[in-house]
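Visitor: My questions will all concern the structure given below.
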Amino acid sequence: MSQLHFRAAAPLRIGLAGGGTDVDPYATEKGGIVFNTTINKFAYCTVSPCEGNMMSVHSTEYGDLVADLKNGPLPLNGNMDLVKVVANHFSIKNGFRMDIESEAPPGSGLGGSSAVIVSIVSAVCRWIGRTMGKEETAKLAYDLERKELGLTGGRQDQYASVFGGFNLMRFRGDDVTVDNVPVSEEIMSELQSRSVLCYTGSTRESADVIDSQIKSFRKGDNEKALDASKDLAVGMAETLRRGDITETGSILHQSWQLKKQFSEKITNPMIDRMYESAKSAGAIGGKVSGAGGGGFMFFICKYNRKYDVAKALQKTNPGAKVVDFMFQREGVKSWGYDDERHII
């Protein structure tokens, strides 16, 4: 008898403008607005049912876990909690093996942990025959990661991974509106030809950066910058829709200048040097994706300077790596197959 497998791929995202306004308490008190896009880097989850009641999990980033499912909810103790919280939610008792892989390390600023839990939810739902719409899937992933596990972060990541594409997202408390921004194939191709994604060579603990941002907001130090960042998110979405890539890059630069005011932990001397070298080589604007402090940087360049920017970044920081990518219009996908290569 062939082995069944149920698989999901959830895309990672680049935050373009407004990131940080989706973090509480700002998002609840004043409402957040974020403009982001997904890319063709993914978190993958594969569920392979097996006899008995044991759960066996292997992850390239999070390690290994074996647990017995028959004795009630699994303890949430920091060991593979993204998997356990999903198993608890769906009251999984039947045994399975789960394999988790991600094309970006945790702390890279591409929404990796949220893409992982989106992929887990989607693969498990495919296995158990549970159908959920996009809004329900994203909300469940958010509630499990942020509320039940208490993992610090904003609200955009789970929704970006589920919906996919270029989206302008509005947050007010638990109310979330996702508006797809219709970017034509020609405009997206031009943006692609002028974009550079660079890994800085180091990750960061996003919770530390976000905690610092929250403290600054409560003291009133960054509220104006957060307010202005929302306006830029709306402006960038409209500018890109019209196809003005140069102005989009200029807004990206403005967004980074504001983001640095959210917290003293957003940037560091190496990031500043990389940014200035990219600008000197022909970048119109750029920013660190995600909370800040490390991970990936994204740049929009003058029409003929993309490769100059890439070389300048790697010369400035030999540990940096320019990464090939494509923009991704579709959100999370799930499917089933068996060892005889039949898609089910």
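Visitor: With r as the distance between the Cβ atoms of Ser2 and Met54 and R0 = 22 Å, compute the FRET efficiency 1/(1 + (r/R0)^6) and round to 0.05. Spell out each step's value before the answer.
Guide: On the way: r = 21 Å, r/R0 = 0.94.
Calculated transfer efficiency: 0.60.
Visitor: Taking H as built 1.01 Å from N, whose amide H comes closer than 5 Å to the amide H of Leu16, not counting residues under 5 places away?
Guide: Placed amide hydrogens put Phe35, Asn36, Thr37 under 5 Å from Leu16.
Visitor: Under 18 Å Cα-Cα from Lys279, which aspartates and glutamates qualify once same-chain neighbours fewer than 8 residues away are excluded?
Guide: Glu247, Asp308
Visitor: Something else now. Please list, in chain and number order, the residues 5+ apart from Lys41 or on another chain whose amide H is under 5 Å from its amide H, with Hs placed from the backbone.
Guide: Leu12
Visitor: If the chain between Asn304 and Asp174 were fully stretched, how many nm would it gain, using 0.36 nm times the residue separation less the Cα-Cα distance? Each step should come with its number before you reach the end.
Guide: Details: separation 130, 0.36 × 130 = 46.80 nm, distance 4.34 nm.
Computed gain between Asn304 and Asp174 is 42.5 nm.
Visitor: Follow-up. For region 185-326, just say rounded, prolate or oblate: build the C-alpha gyration tensor, square-root its eigenvalues into a ≥ b ≥ c, call rounded for a/c under 1.5, and beyond that prolate if a/b exceeds b/c, oblate if not. Before the final figure, lay out each step's value.
Guide: Numbers: a/c = 2.17, a/b = 1.24, b/c = 1.74.
Oblate shape, in that a/c is at least 1.5 and b/c is the bigger or equal ratio.
Visitor: Would you please give the FRET efficiency between Lys70 and Arg218, computed as 1/(1 + (r/R0)^6) with r the Cβ-Cβ distance and R0 = 41 Å, to the nearest 0.05? Write down the numbers at each step before the final one.
Guide: Working: r = 45 Å, r/R0 = 1.10.
It comes out at approximately 0.35.
Visitor: May I pose another question? Can you give the extra length, in nm with one decimal, that the chain gains between Ala228 and Asn77 once fully stretched, where that is 0.36 nm per residue apart less the Cα-Cα distance?
Guide: Values: separation 151, 0.36 × 151 = 54.36 nm, distance 3.88 nm.
Gain in length upon complete extension: 50.5 nm.
Visitor: Ok, one more. Within straight cross-link reach of Lys333, meaning Cα distance under 26 Å, which lysines are found once same-chain residues fewer than 8 apart are removed?
Guide: Partners within reach: Lys41, Lys84, Lys93, Lys134, Lys139, Lys147.
Visitor: Residues in region 295-311 near a label at Ser193, defined as backbone nitrogen under 14 Å from the 7 Å Cα→Cβ point?
Guide: 301-307
Visitor: Aspartates and glutamates within cross-link reach of Lys315: Cα-Cα under 19 Å, excluding same-chain residues under 8 positions apart?
Guide: Here the aspartates and glutamates satisfying the reach criterion relative to Lys315 are Asp272, Glu276, Asp324.
Laboratory data are not the source of any read-out in this text; all were calculated from the coordinates shown. What you see is a predicted model, and the numbers here were worked out from it, not measured in a lab. We place every Cβ from the backbone using ideal geometry, glycine too, and count neighbours over all the protein chains shown.
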